[in-house]
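Participant: Let me begin by handing over the structure; questions about it come next.
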Amino acid sequence: MPGRKSDIFFIVVALGAAAFGLMMAHAHHRNGNAGSGLKEKAMLVERLELTDLCLFSDARYARHPSMADLHSAFQDSPMAMEHFPSGTVILPPPHLRLR
Amino acid sequence: MVELKHITKIFNRNRPDEFTALEDVSLLVEARKATVFKGPSGSGKTTLLSIIGAMAKPTSGRVFLDGREITSLPERFLTEVRRRTFGFIFQQFHLIRGISALENVMLPAYTTGEKHAALRDRALRLLDLFGLAAKARSRVEWLSGGEAQRVTIARALVNDPAVVIADEPTAHLDTKLSKDFLGIMAQLNAEGKTILIASHDPLVYESALVDRVVEMRDGRLRGSGQAA
Amino acid sequence: MSLLERHRNIIDFALSSLGRRWKKNIALTLVYAFTVFTLASVIFFTEAVKREARAVLQGAPEIVVQRLMAGRHDLIPAVYIDTLKKITGVGQVKGRLWGYYYEPSTGANYTVVASGNPPLEPGTIAVGQGVSRTLHAAEGDLIPLKGADGAYVSFEVTRVFSHASELVSADLIEMPAGDLRAFFGIPEGFYTDLTLKVRNEKELVVVADKIRRLLPDTRPILRDEILRTYDSLFDWRSGLLLVIFAGAVAAFIIFAWDKATSLSMEERREMGVLKAVGWETSEVIAMKSWEGVIISLTAFFGGTLFAYVHVFFSSALLFEPVLKGWAVLYPRFQLVPHIDPYQVLALFFLTVVPYTVATVIPSWNAATVDPDSIMRL
């Protein structure tokens, strides 16, 4: 019987596992070569004395979570609704929570 | 070869639809003979065959195979015994749709761990015996009634059982095909296999093949006469 | 090797069994793979961002001192620098000038920082890629920004930060300190906050305590706290991630349970035939389990591989609407790929186990029928 079904299955699994292995190897390899991009960012951080990543630019406490104070959520206006979804994605920083 | 002692089979026990299929049946099935179980539908023929063929357990009574009691064997051993000893040809064929005739024939031996190539060859030879070699790779739903039945017979023979059991085999066949079937059974009997057939078709129980006729009615035996 | 042969045969049958109901099984595999894809994408993304933060923010200020007035941020007086310099263990104290600028024409928020070394020429600015994109400003362009007094000031863009640095610079405008003061109207003698360098790292906490005592209206923030902010940023307990996770897993379990447990009459009949021709209960269950394994492996490999490509080759494209929110500006992520094998393993068990249970349990019922049941069907 040409191409027994279970043989095809084993081949597919082997290919999948190989692709998986390739993926892990790629990640490992790129980790080693991450150098230049990371260095550039690190240098910029040091030169300009930055404290946060630019992930969310819609609210102050989301843009600079490490610098946020306890009342940041209200500062835009007394009725300001929390910014969604950035406000729900991030938690207040640990140094505020452990008060 | 197979001995039944005071077999009773009750379905749906202690329920409103309780039904006694067999009542106090005692029977000795001789090896290498062809026996027909004759009787109207509902007489318990199918149930009796399933108990002889180790497919069902009786509610009470004892079953012996070659002197060894198999009544309360655990499932694992019973299945092995059944696989090696009995080949069942079902009235409704019960083939698996969507796979080839060849695969259907190989199915009972799939779990024995036998080498695939050897099993495939044996199955092909069996199909060839019944003139179905050309249809081996066809899907079973494309086969005619007669062809499908021959696949069922081939499947029953794949493990080379000592006993072949057929339940109402001629129910869906015309006279010619019925005679063909009986011819196959006769050949298997000549090769030394025990044949058991349940049928209310005169063509079967009056055929020359038959060594013994067992009459049944309402779950009980009614004497065992020799064939005419 | 008969065990291998047995299972190869059983797998043959399992594959043909799946094929007989291919529509249902393809749908099942796709939903399964999509669930794995979502979860794996979230895992890969958050891990990568966390690692990036840790690596990149190593150069952040050791201590940042903010001033609070009536519970809100206020400018910090320059005289505080002298007070802080007197604390033993403190090396350098500098004033930081920075703020936010809202551009009404684009609706974007930018972060404006005072120029570091070497300082920019007056009247010139350096901008991040995100600023450049939203203002359509390239090197050499003049852009008008509205100052605190309402008047527009023109600045020349002398540099655009690179794409590779977007994760820290996308919304930045680097402006000479003097221009920044005039632009925002921050009076002389005040800074936005102060940054400190400590001579001995181990003294950080002690120094912070002293700062709090000496200047009670201030709040020191340590670099370690800055780094830990990002470790816990995408904590699984945070609202949205929890909803995504729980939602995906719950939907998946419900779907899998429904599809996998609804054994059709045809499937039951087939299992009855297998019993009738001599398969044991355990072998029938093994067959159904293999069906489950086949689908699980396909979905898991496919989902995870696609997630990897999604996060690390397409910058987590599908997350953009979620992360962008109301923001107009959005950085282009070029994350460094990283896979934590334990998390992948955890994902494997989180999806494969409930699915296997969902397939085996209903099969148990159908597999334990008497061999002769097929004749009575």
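Each value in this text was obtained by applying a stated rule to the coordinates, not by laboratory testing. Quick caveat, the model's predicted, so the values are computed rather than measured. As a convention, Cβ positions derive from the backbone with ideal geometry for all residues, glycine included, and neighbour counts pool all protein chains shown.
Participant: For the stretch C:1-100, what is the Kirkwood hydrodynamic radius in Å, using each pair of distinct C-alpha atoms?
Facilitator: Taking every pair of different Cα atoms in the stretch C:1-100, averaging 1/r and inverting gives 20.7 Å.
Participant: Just to be sure I understand the model, the point goes 7 Å from the Cα along the line to the Cβ. What's the resulting residue C:106 to residue A:29 distance in nm?
Facilitator: The answer from the label model is 3.7 nm.
Participant: Here is a follow-up. Take the eigenvalues of the Cα gyration tensor for chain C, scale each by 5, and report the square roots as semi-axes in whole Å, largest first. List each step's numbers first, then the result.
Facilitator: Details: eigenvalues 773, 111, 52 Å².
Equivalent ellipsoid semi-axes, largest first: 62, 24, 16 Å.
Participant: Show which lysines lie in cross-link reach of residue C:85 when reach means a straight Cα distance below 21 angstrom and same-chain residues fewer than eight apart are skipped.
Facilitator: C:94, C:197, C:202, C:210
Participant: How shielded is C:271-277 by partner chains, expressed as the average number of their Cβ atoms within 10 Å of its Cβ atoms?
Facilitator: Mean inter-chain Cβ contacts per residue within 10 Å come to 6.
Participant: Next up: Distance between Cα centroids, the stretch C:118-180 to the stretch B:172-225: provide it in whole Å.
Facilitator: Rounded to whole Å, the Cα centres lie 99 Å apart.
Participant: Treating the beta-carbon of each Lys and Arg as +1 and of each Asp and Glu as -1, no other charges, what is the dipole magnitude of chain C about its Cα centre, to the nearest 20 debye?
Facilitator: For this selection, approximately 560 debye.
Participant: What relative contact order, as a whole-number percentage, does chain C give when Cα pairs under 8 Å and 6 or more residues apart are counted? Could the numbers behind the result be given before it?
Facilitator: Working: 526 pairs, mean separation 107.2, N = 377.
The normalised contact order for chain C reaches 28 percent.
Participant: Now for a separate question. Provide the FRET efficiency to the nearest 0.05 for the residue C:318-residue C:158 pair, computing r from the beta carbons and using R0 = 60 Å. Mind dumping the intermediate values first?
Facilitator: Details: r = 36 Å, r/R0 = 0.60.
In this case the efficiency is close to 0.95.
Participant: Suppose a student asked you for the relative contact order of the stretch C:137-261, using Cα pairs under 8 Å spaced at least 6 residues apart; what percent would you report? Each step should come with its number before you reach the end.
Facilitator: Working: 59 pairs, mean separation 15.3, N = 125.
Computed over the stretch C:137-261, the figure is 12 percent.
Participant: A further question on this structure: Rounded to the nearest 20 Debye, what is the dipole magnitude of the protein assembly as shown about its Cα centre when Lys and Arg each give +1 and Asp and Glu each give -1 at the C-beta?
Facilitator: 1440
Participant: Something else about it: How well do other chains shield peptide C:17-27, expressed as the mean number of their Cβ atoms within 10 Å of each residue Cβ?
Facilitator: Numbers: counts 3, 1, 3, 4, 1, 0, 0, 0, 0, 0, 0.
Going residue by residue through C:17-27 and averaging, the value is 1.
Participant: Counting only helical runs of four or more DSSP H residues, what would the 222 nm mean residue ellipticity of chain C come to if each run contributes -39,500 (n - 2.57) and the total is spread over all its residues? Each step should come with its number before you reach the end.
Facilitator: Numbers: 14 runs with 204 residues, N = 377.
Rounded to the nearest 500, it is -17500 deg cm²/dmol.
Participant: List the lysines whose Cα sits under 23 Å from the Cα of residue B:179, skipping any in the same chain fewer than 8 residues away.
Facilitator: B:33, B:38, B:45, B:135, B:193
Participant: Right, another one. Please compare each pair in B:5/B:115; B:5/C:275; C:23/C:324; C:50/C:146; B:9/C:23 to a cut-off of 32 Å on the Cα-Cα distance and tell me which ones are over it.
Facilitator: Listed pairs above 32 Å: B:5/B:115; C:23/C:324; C:50/C:146; B:9/C:23.
Participant: Right, next: Just checking the output field for B:44-57: average partner chain Cβ neighbours within 10 Å of each residue's Cβ?
Facilitator: Values: counts 0, 0, 3, 3, 0, 2, 7, 1, 0, 3, 2, 9, 6, 3.
The shielding value for this peptide is 3.
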